[in-house]
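See below for the structure under consideration.
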Amino acid sequence: MKGRSNHDTSTGQRIGEVLPVTWVPIADPDPAEAATDSQAVFRQGWEQGAARFNRLEGAWYGDGSVFFISTNGGDPRPGGDPGLGQVWQYLPAATAAASWCCSSSPVTPRSWRRPTTSASAPAVGCWPVRTVTGPSTCGRITRDGRVFDFATHTLDGSNELAGANWSPDGNWLFVNVQDPGVTYAVTGPWEAGEL
């Protein structure tokens with residue numbers, strides 16, 4: 001992060017605060033030691049002052065931004081449990097400097113719990129996410145940062161919802177269940193706003 005060497009983004013973030021960023025070059029993005037050292041590439045960036053996120057997972061490009069998930073990001077909960085997750089928005093440089101901001105972070109376990117994937121549809125502003133503990137749920141984050149459940153799958157077992165994607169026209173939301181490998185296509189009056 002520009003001006004903040006080795007910044008830890010996982011705690012103490014303010015939703016909506018714009019943080020200027022700059023990229024650091026990774027000399028060897030596929031080092032031989034990566035087979036035995038999962039931090040080999042991270043360390044190359046860290047040694048140059050790069051920022052740290054807590055368990056990055058799904059990413060989605062939409063509305064001129066890249067939205068990405070920090071599954072365990074957010075301030076720790078009582079008892080030392082990790083945070084409940086963050087959604088970050090990266091705004092590439094266009095007419096101004098590149099920046100990112102924390103678009104959403106849960107307040108309570110009821111409102112959200114450790115998302116891993118996201119998808120956005122510019123026309124409707126709907127960002128589905130899934131949980132990794134408890135029922136696997138597709139949620140929605142509104143443009144003003146409120147979170148609510150949209151759907152929970154009812155298949156037996158603890159199979160997770162994953163890989164949410166919108167059709168190019170924004171009319172269909174496709175959501176997968178990992179096992180037994182089912183894809184659901186959901187449509188509705190998205191343009192009507194919140195359900």
So how exposed is Tyr61, as accessible area in Å² (1.4 Å probe, rounded to 10)? 150
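Counting other Cβ atoms within 10 Å, keep those with at most 11, restrict to DSSP loop, and tell me which trypsin sites (Lys or Arg not before Pro) in region 13-95 are left.
Numbers: sites: Arg14, Arg43, Arg52, Arg55; in loops: Arg14, Arg55.
Within region 13-95, the qualifying trypsin sites (Lys or Arg not before Pro) (loop, at most 11 other Cβ atoms within 10 Å) are Arg14.
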So for R0 = 25 Å, FRET eff. of Glu191-Asn165 from the Cβ-Cβ r, to 0.05, ends up at 0.85
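Restricting to DSSP loop positions (anything but H, G, I, E, B) with no more than 16 other Cβ atoms inside 10 Å of their own Cβ, which chymotrypsin sites (Phe, Trp or Tyr not before Pro) remain in region 20-52? All intermediate terms of the calculation are to be shown ahead of the outcome.
Working: sites: Trp23, Phe42, Trp46; in loops: Trp23.
Within region 20-52, the qualifying chymotrypsin sites (Phe, Trp or Tyr not before Pro) (loop, at most 16 other Cβ atoms within 10 Å) are Trp23.
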If I ignore ligands, DNA and RNA and count only protein heavy atoms, how much of Ile15 is accessible to a 1.4 Å probe, in Å² to the nearest 10? 100
So, with points 7 Å from each Cα along the Cβ direction, the Ala35-Asn6 label distance in nm works out to 3.1
Only loop residues by DSSP count here, and only those with at most 14 other Cβ atoms within 10 Å; note down the GluC sites (Glu not before Pro) in region 1-89 that meet that. Glu17, Glu47
Please give the solvent-accessible surface of Ser10 in Å², to the nearest 10, using a probe radius of 1.4 Å with every protein chain present. 10
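Quick one: net charge around Ser10, please, counting Lys, Arg +1 and Asp, Glu -1 for every other residue with C-beta under 12 Å from its C-beta. All intermediate terms of the calculation are to be shown ahead of the outcome.
Numbers: positive: Arg52, Arg55; negative: Asp8, Asp75.
Charge balance near Ser10 sits at 0.
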Largest first, what is the accessible-area ranking of Phe174, Phe67 with a 1.4 Å probe? Phe174, Phe67
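Please find the FRET efficiency linking Trp23 to Thr154, where r is the Cβ-Cβ separation and R0 is fixed at 41 Å, and quote it to the nearest 0.05.
Details: r = 43 Å, r/R0 = 1.06.
After rounding to 0.05, the efficiency reads 0.40.
The values are calculated or read from the model by the stated rules, or taken from the named source; none is laboratory data. None of the values given here were measured: they were computed from a predicted structure. Cβ sites come from the backbone with ideal geometry, for glycine too, and all protein chains shown count toward neighbours. For accessibility, only protein heavy atoms count, side chains too; no ligands or nucleic acids. Shrake-Rupley method; radii C 1.70, N 1.55, O 1.52, S 1.80 Å.
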